[in-house]
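The values are calculated or read from the model by the stated rules, or taken from the named source; none is laboratory data. Remember, predicted model here, so these are calculated numbers, not experimental data. Quick reminder, even Gly has a Cβ in these numbers, built from the backbone with ideal geometry, and neighbours come from all protein chains shown. Heads up: the accessible areas ignore ligands, DNA and RNA and are worked out on the full protein's heavy atoms, side chains in. Shrake-Rupley method; radii C 1.70, N 1.55, O 1.52, S 1.80 Å.
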Amino acid sequence: MRKILVYFAVLLFSIAFVLAAGGGGGGSGGGGGGGSVSRYSDIKCIDTGVLSFTRGAENEVRVTDSNGQEKIIPGSWRNGKFTSDEASMVKAGKYVVKDSKYGDKEVSCPGLTFSCTLMTLQLQECRQVQGKVKVGFILKGIGTSPEDLEYQFKQQDSSRLFKRSKTSISSELKNFQITKTSDDIFTLETELAPAIEKIQVSHPRCVGEYYAYSKITCQKEESKDEEGKAAATSEESGKKLKCSGYLDIADRVKCRLRLRDEQADEYENFFPEECKARDDQEACLQVYKAVQECWDFPNGAARIACVKRQLKLKEILIEQANCNALDAGKRENCNQELREKAYGLIKFRLYNLEEEAEELMEEGKLSEGEVTVFVVTMEESKLAFNKATTKEERRAIILQARKAWIKLMKKVKVEA
Amino acid sequence: MKIAAMLVIAILLFAIVMVTGCVESKDVSKQSSASEPSDEEVLAQYPDDLDAALEELEMVE
């Protein structure tokens, strides 16, 4: 009997202990990631034929295949990380990365199954007749399928986009169908009531990678030439338009975030979102170009002082006093100029946050998706700031930007 | 008699462990809510410099 009681007591104690220990739960979880990557620990070879790894020495990359044949792999280095060009590792099998300093490293490649660089994507025509859109396009390349593409229709005289991807479709697009006309040629048909200005076809895996997308203006039934034929429009290739040509701001931002250092200065990539939407594009562009040298200064007072110099903005209160000392006729112009310069500085502060977020992404502390969302928010904030007509509206935009910054910073991965 | 005493001790032990466990659970939940930094703490670690923007706006408007 005594034994039974002892067992009973132990059992009770155990149940209580387990319940108490398990009761906590709901901890923060997450974390991890970040930190410096040790040599070759991240080596990988993927189905787009890309080989990547981190290695201190940024010298020529040579690999040998299973037959012992050696070749130089083209690619680029960024912060000690090598990323080969697409379609560099075509055949499946084991390869050895030659390294006389730190030792050879073996890597297994799955073989090429898809590549943005080998893909041909070209719109041929777009026609909208009685609420029906018909689009012809060419698609060819290893592993390509029209089902994997993203289709975007831009509404006329509006920035609104109707989209169709593998995972979602705008409710306005009805009876969306793609049929194969002949080898590599496809026809898309859909019902869409609003008038469409342009259509864009892109591959979600290729945003920013070799600019694999195509755009074309949609013809209406009434747009016919003298002979009664529909006026032809030419396709706009992503290779020519680069990051600035994407219809969706999120794609433009993502494209710029993925740019390699040597591509970043290309004019088409640099064209700022804010200037795109402004009537005084040239003046806007000049301001952006002028402040570029300020990125060479450390973040903080030195950088802001540089921006003020470029904007020709001295101490606001002194400039204001100088304006107010002028004749009534000149006073308002002077104050208006001062306001514009101050607005420029305020918008630069938002721009600066974008750059800081990008640096955190490069350090591996934020994901590309998180930074894309934030940069889009900042760009939209600048556009809203330009449209705002009252101090209260402008203040609300700055405070909203602060909220977005705090939300993003709460996602920063802290090194262990 | 002995049996009853042991039973009482067991029940008491059960109660003590349960109470301690609950207190610990509360501490853990407090810790997890404390692990989320406040907005002020976030701004202290990652300043956004937007107070200056608000001041600049105030001055020119």
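Dipole of the range A:96-211 computed with +1 at Lys/Arg Cβ and -1 at Asp/Glu Cβ about the Cα centre; of A:V97, A:G131, A:S182, farthest Cα towards the positive end is A:G131.
Averaged over its residues, the range A:272-416 has an accessible area of 53 Å² per residue, based on protein heavy atoms and a 1.4 Å probe. When the Cα positions of A:T83, A:L192, A:Q263 are compared along the charge dipole of chain A, A:T83 comes out farthest toward the positive end, with charges on each C-beta of Lys, Arg, Asp and Glu.
The Cα center of the range A:160-208 and the Cα center of the range A:270-325 differ in position by 41 Å.
Counting only protein heavy atoms, what percent of the accessible surface of chain A is carbon or sulfur at a 1.4 Å probe?
The value for chain A is 50 percent carbon and sulfur by accessible area.
Per-residue ellipticity at 222 nm computed for chain A from its helices equals -11500 deg cm²/dmol, with DSSP H segments shorter than 4 residues left out and the rest contributing -39,500 (n - 2.57). With helices defined as uninterrupted DSSP H runs, which ones in chain A have an alpha carbon span along their own long axis of at least 30 Å and mean Kyte-Doolittle hydropathy of at least 0.5? Length and hydropathy pass: A:2-23. Ranking A:W405, A:W295 by solvent-accessible area of protein heavy atoms (1.4 Å probe, all protein chains present), from largest to smallest, gives A:W295, A:W405. Counts of other chain beta carbons within 10 angstrom of each beta carbon in peptide B:40-51 average 6.
Label-to-label distance for A:E106 and A:E221 is 6.7 nm, based on points extended 7 Å past Cα in the beta-carbon direction. Highest mean first, the peptides A:370-381, A:117-128 sorted by other C-beta atoms within 10 Å per residue fall in the order A:370-381, A:117-128. Neighbouring Cβ atoms from other chains, within 10 Å of the Cβ of residues in A:340-347, number 3 on average.
Note on chain A: Cα-Cα pairs beyond 38 Å make up 42% of the total pair count. Which residues of the range A:378-413 show a drop of at least 10 Å² in accessible area when all protein chains are present, compared with their chain alone (probe radius 1.4 Å, heavy atoms only, ligands and nucleic acids excluded)? SASA drop of 10 Å² or more in the range A:378-413: A:K391, A:R394, A:R395, A:I398, A:L399, A:R402, A:W405, A:I406, A:M409, A:K410, A:V412.
For the range A:131-146, the Karplus equation 6.51 cos²θ - 1.76 cosθ + 1.60, evaluated at θ = phi - 60°, returns couplings of x, 10, 10, 10, 10, x, 8, 9, 9, 8, x, 4, x, 8, 8, x Hz by residue, with Gly and Pro reported as x.
Summarising the label geometry, the points placed 7 Å from Cα in the beta-carbon direction at A:V414 and A:K91 lie 5.1 nm from one another.
Could you list the trypsin sites (Lys or Arg not before Pro) in the range A:151-205 that lie in coil according to DSSP, counting only those with at most 14 other Cβ atoms within 10 Å of their Cβ?
Values: sites: A:K154, A:R160, A:K163, A:R164, A:K166, A:K174, A:K180, A:K198, A:R205; in loops: A:R160, A:K166.
Answer in residue order: A:R160, A:K166.
Working from label points 7 Å from Cα in the Cα-to-Cβ sense, the A:S41 to A:E235 distance is 4.6 nm. Loop-located GluC sites (Glu not before Pro) across the range A:170-224 with a Cβ neighbour count of 11 or fewer within 10 Å are A:E221, A:E222, with loop assigned by DSSP. Computed extension length for A:K98-A:I169: 20.8 nm, one decimal, from 0.36 nm per residue of separation with the Cα-Cα distance subtracted.
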